[in-house]
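Peer 1: Sharing a structure here in structure tokens format.
The values are calculated or read from the model by the stated rules, or taken from the named source; none is laboratory data. Owing to the predicted nature of the structure, the values given are computational and were not obtained by experimental measurement. Don't worry about glycine lacking a Cβ; one is built from the backbone with ideal geometry, like all the others, and counts go over all protein chains shown.
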């Protein structure tokens, strides 16, 4: 998992940001993202979820913020594939008084998957995502999964794929509307299953 901060998120994307600058720092990457809503109340040292990855704000202007992704993060997420102009999902960390609209999300990416199939229906879209088989134990039918920081419900599940239904609002207010077949996505599985596995295995 990617451990960069201890803040929590809900998987309810607040805004689509756009990459406006990328620069190398050592073997990592410094990323500047333009935003509006996500900048409200955001300060240097705060955590923000970018495509499902919890990262720390190191710079901020009136229209953008900058984060750094180290080599470990780049190797386990899709952040290394970002380019200038790429759209990303953004969510500020949840406050104790906020509603938990999605599910508990850490911003600690477990693995990446790929968009295998996109089916357009009359009023929704079905996205099938392929994932490494060893993570199947963390998924259940009608359970929660986070895809690029978006909290979603599993509609169908096999040994190495799950399918999710996307309503028009989600399609238009997250990067789902920009996905193409073969795109890499960040996956975070429900924390409850991972804790239960640890308790069973180590007690």
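Peer 1: Taking the condition in a strand (DSSP E or B), under 21 Å from residue 176 (Cβ atoms) and at pLDDT 95 or above, does residue 20 pass? Lay out the reasoning, then the answer.
Peer 2: On the way: in a strand (DSSP E or B): yes; under 21 Å from residue 176 (Cβ atoms): no; at pLDDT 95 or above: yes.
No, not satisfied.
Peer 1: A further question on this structure: State all residues of segment 133-150 that are on the phi < 0 side of the Ramachandran plot and under 17 Å from the mean Cα position of the chain (by Cα); if no residue qualifies, say none. Please lay out each step first, then the result.
Peer 2: Initially, segment 133-150 is screened for residues on the phi < 0 side of the Ramachandran plot, giving 133-141, 143-147, 150.
Hits for segment 133-150 are 135, 138, 139, 143, 144, 145, 146, 147, 150.
Peer 1: Considering only residues of segment 171-191 that are in contact (Cβ under 8 Å) with a residue 60 or more places away in the chain and more than 19 Å from residue 133 (Cα to Cα), which is surrounded by the most Cβ atoms within 10 Å (Cβ to Cβ)? Write out each step before concluding.
Peer 2: Going through segment 171-191, the residues in contact (Cβ under 8 Å) with a residue 60 or more places away in the chain turn out to be 173-175, 178-191.
From what's left, more than 19 Å from residue 133 (Cα to Cα): 173-175, 178-181.
Working: 173: 17, 174: 25, 175: 21, 178: 12, 179: 19, 180: 7, 181: 11.
Of everything passing the filter in segment 171-191, 174 is surrounded by the most Cβ atoms within 10 Å (Cβ to Cβ).
Peer 1: Another one. Looking at the structure I just gave you, is residue 25 farther than 29 Å from residue 144 by Cα and buried (at least 21 other Cβ atoms within 10 Å of the Cβ)?
Peer 2: Working: farther than 29 Å from residue 144 by Cα: yes; buried (at least 21 other Cβ atoms within 10 Å of the Cβ): no.
Answer is no for this residue.
Peer 1: Could you give every pair whose Cβ atoms fall below 8 Å, whose first residue belongs to segment 117-145 and is in contact (Cβ under 8 Å) with a residue 24 or more places away in the chain, and whose second residue is exposed (fewer than 13 other Cβ atoms within 10 Å of the Cβ) and part of a helix (DSSP H, G or I), counting only separations of at least 6 or pairs across chains?
Peer 2: Partner pairs satisfying both residue conditions: 123/168; 124/168; 137/197; 138/197.
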